[in-house]
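Contents: one structure, followed by commentary.
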Amino acid sequence: PSIAADPSRPPAEVIALTRGRRALLAAGRGAREEHRRAIARALELAELEWIATPSRVRRLGARTGRGAYDFLLFLAGPNGGSAERFVRACRDGGVPLIYIPGAYSISSVSQAIVAQFDPRRHDDHAPGRG
């Protein structure tokens, strides 16, 4: 089923981290607008930008350092040689990076946020802070 039709609701602990925040989702394929909207709505994000990692990773480094995003979601999968540059740009910008293994359903995105986000490690940039 399409992510746009996914009835899953993220748990309250996820919403507490994501509500009103700005995020970037990087995937090896181009954005699907209905999927972007569904994820943004489910996580109650103020903004969700979706990029194809190979096409815009250079620009990303500068933007993460300027506070354009509160956290970054990275869809693991085929993405050519850009993954290493993408991860480096995220680390250089000091913005939390959350890997989403496999599919990007509402459920898998929520599980990745719960499993990987540690507010003690990213106190200054934590989703939900500000």
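The values are calculated or read from the model by the stated rules, or taken from the named source; none is laboratory data. What you are looking at is a predicted structure, and each value in this text was computed from that prediction instead of being measured. Methodologically, a virtual Cβ is constructed for each residue, glycine included, from the backbone with ideal geometry; neighbour enumeration extends over all protein chains shown.
The table below gives the values:
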quantity	calculated
Residue among Ala76, Ala89 that is modelled with pLDDT under 85, of a type outside the set (S, T, N, Q) and touching a strand residue (DSSP E or B) at 6+ places or on another chain (Cβ under 8 Å)	Ala76
Residue list for region 5-19, filter: modelled with pLDDT under 90 and surrounded by 15 or more Cβ atoms within 10 Å (Cβ to Cβ)	Asp6
Condition check for Leu45: of a type outside the set (Gly, Ala, Ser), at pLDDT 85 or above and assigned to a loop (DSSP other than H, G, I, E, B)	yes
Residues located in region 20-36, provided they are within 13 Å of the chain's Cα centre (by Cα) and modelled with pLDDT of 90 or more	Arg21, Arg22, Ala23
